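What follows is calculated from the coordinates using simple rules that are stated; it is not laboratory data. Note that the structure is predicted; figures quoted are calculated from it, not measured. Please note: Cβ atoms are built from the backbone with ideal geometry, for glycine as well, and neighbour counts cover all protein chains shown.
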Ligand code: ADP
Ligand code: ZN
């Protein structure tokens, strides 16, 4: 067997034209019968490394996998590509298991996925001895090591594989393994002079952004509205907050569900299914969610709270963009989260190590240099250039001389005899009349009110930077009061200057979505992509598989740009292998043709074969129709979207300053009512409270429209 047949199989079964950098080398090594250890990030393309050797060699590959849900997913994915795959685990009935065993004995299976328990059971070993096995693959191999972060006792037994099958090559695969774990994997599995492959852990398609933890909900809503229809996960620290945030998003018309360990197994399974099948695009969840999911088109991940360490953070954001398409990640960083995480650490073992890891996480969140460099550095990889895809690279923080601000804060801490925490200090600096402040005479100190020109948010960011610079410390053991450090003296008395990064305030952030004029080409591609997605959804329901197993987002995007209407062109699309072509090729070609015809009939379609351009957002599509004179109902029908969705688009466009006759949809009286309610409630964002306050007199979509009017620039 040689690389040529490997390449052929890649095209025939998976529809891909070439291997990714390390895949080829790995496959070559495996084909020589050498043991291998493969370290690649999630989405790096590990599976193909053992699947191709399994397919092109005589015999069968046994894959040990710890998660039942993943096994099912992998097997479905392989079958969709016409590869004979099956799995055996405890979730199956005896009859199901014996049927599969029969297939195995008849050599009808090329890839067999099994649980670790199954792998080491005597019965199963006997079956395996009577068939030809070309490779044993241990997926998630770090689970074998007690040093790893995900040790599984069942994996311990895998030590006996080498004894049972001394002559079959073994490959161990994982997305996380430090040096210690790596060595442990090799020792425990008794690998025989294995070749080690360590791919870069960089995931360049994931953008990295960190924002201060204020106005989180509004930031999230804007973030989601800029990405309509996209699938994403909001990770939260507590079960309660997953429910609360999901509810708030729903009130804003955003289809979100929640997921946490406190739900029944049935409810959890249901939520997970809905997510996988693109029925519910957004899940607010605790971090366990996503572990057993291979969904390749998760387009974004938000961390509502600071994760406990960089390993967890990287693993969680890694669940986005497995298909390699551009995906976004957003982390909120607040001091309250740090305190919360510290509390968790105080309650458990290994405190020193865990604290050090938390501090590295904080350093990342506070970074003033390319975030990807920090991340990769943490994993022992060094890149020579800034990434250009993190917030620091795309929007470098402006710096200013903050010496006077810092002096104000330090002097206040000194005058307060190092007895107050961050929030109280901010109130004192801002000259608050809070009872506690007056009673304790804090309004008498010289720096009382010296910082009244800055908002609480700005002071919080200022103090966080002062903390990071080592100019103050937090006495975690004394009610989190702030203490001076030797370095503080330099600033207070020895003329040391302090440079600070400009604070961000929610209002001052650049408009979320810069105004863009969209070309017809862009409109065309986006609408075609949406139609192809819809077709994919229908086919997925029919075949009872998740939509991304029909075709990945990446494949549909390529179709929307390249517009393949001939067989040859369709076969060229990445991800269209032989079986998928036979199964779906014609239907998709038909759809694309019909779409193109519809467009050119309207003489609005672009030149079909002109160069692809950037895509546009859903708001622009709505706006384009609106400008053509369609009303909300007609647009809703054209776009196959809800009436209220279109109304919310029009409200958004109006708030952004576009020329929309909004009063057609909400009256001046209603706006006045909402304005009064906003004043009484004190916020324009508590939709439910506003609705209650208005006693149902104005419905949700009109409240939203009225707020757009009030918010118009
Ligand atoms: P991992 O197991 O490392 O998380 P996967 O094996 O699931 O990664 O691969 C991630 C995605 O990349 C899958 O959608 C897979 O089909 C795709 N992929 C893998 N290898 C290639 C390749 N050579 N060309 C194009 N896409 C690939
Ligand atoms: Zn960067």
May I ask you to sort 559, 22 by Cβ crowding, counting other Cβ atoms within 10 Å and putting the fewest first? 22, 559
Angle between the chain longest axis and helix 68-80 axis [Cα atoms, degrees, rounded to 10]: 60 degrees
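From the mean inverse distance of alpha carbon pairs (Kirkwood) and the Cα radius of gyration, derive Rg over Rh for region 357-468.
Rounded to two decimals, Rg/Rh equals 1.12.
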Label-point separation in nm, residue 385 to residue 244, each point 7 Å along Cα→Cβ: 4.4 nm
Alpha carbon convex hull of the chain, projected area averaged over orientations, nm²: 35.2 nm²
For residue 5, project a label point 7 Å along Cα to C-beta. Then give me every residue of region 57-79 with its amide nitrogen under 12 Å of that point. 57-59
Please tell me the relative contact order of region 616-658 in percent, rounded to the nearest whole number, where contacts are Cα pairs under 8 Å and at least six residues apart. 40 percent
Expressed as a fraction of 2.2 N^0.38 Å, the rule-of-thumb size for a compact globular protein of N residues, what is the C-alpha radius of gyration of region 58-183? 1.03
If you line up the long axis of helix 239-251 against the longest principal axis of the chain, both from Cα atoms, how many degrees apart are they, to the nearest 10? 80 degrees
Using the number of other C-beta atoms within 10 angstrom as an exposure proxy, rank 645, 93 with the fewest first. 93, 645
Can you figure out the FRET efficiency of residue 34 with residue 179, using R₀ = 35 Å and their beta-carbon distance, to the nearest 0.05? 0.95
Which of rounded, prolate, oblate describes region 252-305, given a ≥ b ≥ c as roots of the alpha-carbon gyration tensor eigenvalues and a/c under 1.5 marking rounded, otherwise prolate only if a/b is larger than b/c? rounded
On C-alpha positions alone, give me the angle between the axis of helix 21-31 and the longest principal axis of the chain, in degrees, nearest 10. 30 degrees
Rounded to the nearest 500, the 222 nm mean residue ellipticity computed for the chain from DSSP H runs (n ≥ 4, each -39500 (n - 2.57)) alone is -14000 deg cm²/dmol
Share antiparallel - DSSP beta bridges, the chain, percent rounded to 5: 10 percent
Region 1-65: relative contact order in percent, alpha carbon pairs under 8 Å with at least 6 residues between: 36 percent
Would you list 94, 197 from fewest to most Cβ contacts within 10 Å? 94, 197
Where a ≥ b ≥ c are root eigenvalues of the Cα gyration tensor, a/c under 1.5 meaning rounded, otherwise prolate if a/b exceeds b/c and oblate otherwise, region 310-410 counts as oblate
For the chain, what does the relative contact order come out to in percent, with C-alpha contacts under 8 Å and a separation of six or more? 11 percent
Principal axes first, then extents: for the Cα atoms of region 1-95, list largest minus smallest coordinate on each axis, whole Å, largest first. 40, 26, 24
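Once you order the gyration tensor axes a ≥ b ≥ c over the Cα atoms, which shape class does region 405-515 get: rounded for a/c under 1.5, otherwise prolate or oblate by comparing a/b with b/c?
oblate
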